[in-house]
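Single-structure report; data block below.
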Amino acid sequence: MLAESGRIGRVINALLNPARIEAMLETVIAVAVIAVGLRVALYLATIMLQRWLRPDDPRRDPEREVQIRTLAPLLGSALRYLFYFTAAVMILDRLGVNVAAILASAGIAGIAIGFGAQHLIRDIIAGFFLIFEGLIQVGDVVRVGEVTGTVERIHLRTTQVRQFSGELVTIPNGEIQRFGNMNRGFMRAIVQVGLAYEANLERAMAVMHQVSEAWAADHQDLALAPPEVHGIVEFGASEVQVRMVVMVKPMTQWEAERQLRVLLKAAFEVAGVEIALPRQAVYLR
């Protein structure tokens, strides 16, 4: 009993040792200073990054704005990871942990972890290539597999695409291997209509020429080339498919197709061109 009381007394004396209390207080204060310094440094670095990306220039370049919206989240994430890692190393060193030994052993542990983090590394590397090669930017309309929508954010590991329905789809960058970008160069407004087999095809194609050329003349800011009427492109069960095409600026093809369909329907009604309806022939014996 006396021995147990003696051990407890020695422990209490050790804890109440002024030198030990002073060292603990110094450690707590140092950790608090590092934490506060991290927040301040991260705040100042974020402001400097924003000023570097957005200089006070009254002449705003739209392409530059797109690049800023693409790179800002990525560089912000990289800054946070860098500052957090530095602060963690400083705190561990202050707590008396042998940081050098941990970093040295990280090489061996990294090999083992790397086998389990292959997809993570693949996603990060793919994200860097997508951004710095300019293949995808924020605001682009892309098609990745069965997902089609507007790119809202590009992170180190994932890309977020907003579909027309409003659904936000998150795609790992490593899965973006083959995709379509509708914001590059030009697009084509494609209008394909089914005509009855009895319809006058020459008259129908002449009407399509007139409609498409009139639309292109009224929308010279959108049309990039003279319209084309390809004629019959397919024979269906009860119709022949006829197609016309207009090369337009990116992101305007859908509105152009809607306008051309409205104009074409009205022109077919005036010209007496019959649009195909589902039909079935029945023979009675």
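Keeping to the stretch 259-273, report how many residues are closer than 16 Å to Gln241 by Cβ and either in contact with a helix residue (DSSP H, G or I) (Cβ under 8 Å, 6 or more places away or on another chain) or small (Gly, Ala, Ser) (or both). Matching residues across the stretch 259-273 total 4. Restricting attention to the stretch 207-218, the residues being free of Cβ contacts under 8 Å to residues at least 40 places away in the same chain and either surrounded by fewer than 17 Cβ atoms within 10 Å (Cβ to Cβ) or not assigned by TED's automatic domain parsing to the domain that holds Met244 (or both) number 4.
For first residues located in the stretch 149-165 and touching a residue at least 60 places away in the same chain (Cβ under 8 Å) and assigned by TED's automatic domain parsing to the domain that holds Leu130, partners that are surrounded by fewer than 19 Cβ atoms within 10 Å (Cβ to Cβ) and assigned to a strand (DSSP E or B) and lie 6+ apart or on another chain with Cβ distances below 8 Å form the pairs Arg153/Gln160; Ile154/Gln160.
Let's see how each residue does on (1) charged (D, E, K, R); (2) touching a Gly at 6+ places or on another chain (Cβ under 9 Å); (3) without any contact (Cβ under 8 Å) to a residue 12 or more places away in the chain:
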residue	(1), (2), (3)
Ala204	no, no, no
Leu222	no, no, no
Gly231	no, no, no
Ser238	no, yes, no
Val242	no, yes, no
Pro250	no, yes, no
Glu257	yes, no, no
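Applying the condition of being β-branched (Val, Ile, Thr) and in a loop (DSSP other than H, G, I, E, B) to the stretch 128-153 and asking which residue is farthest from Ile176 (Cα to Cα) yields Val138. Does Gly194 count as over 13 Å from the mean Cα position of the chain (by Cα) and modelled with pLDDT under 85? No; evaluated as a whole, the condition is false for this residue.
Here's the yes/no breakdown for (1) of a type in the set (S, T, N, Q); (2) in a helix (DSSP H, G or I):
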position	(1), (2)
Asn183	yes, no
Ile190	no, no
Tyr197	no, no
Glu202	no, yes
Val207	no, yes
Ala216	no, yes
Val233	no, no
Ala256	no, yes
Gln259	yes, yes
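The values are calculated or read from the model by the stated rules, or taken from the named source; none is laboratory data. Values in this document were obtained by computation on a predicted structure and should not be read as measured data. Note that each Cβ is placed from the backbone with ideal geometry, even for glycine, and that neighbours are counted across all protein chains shown.
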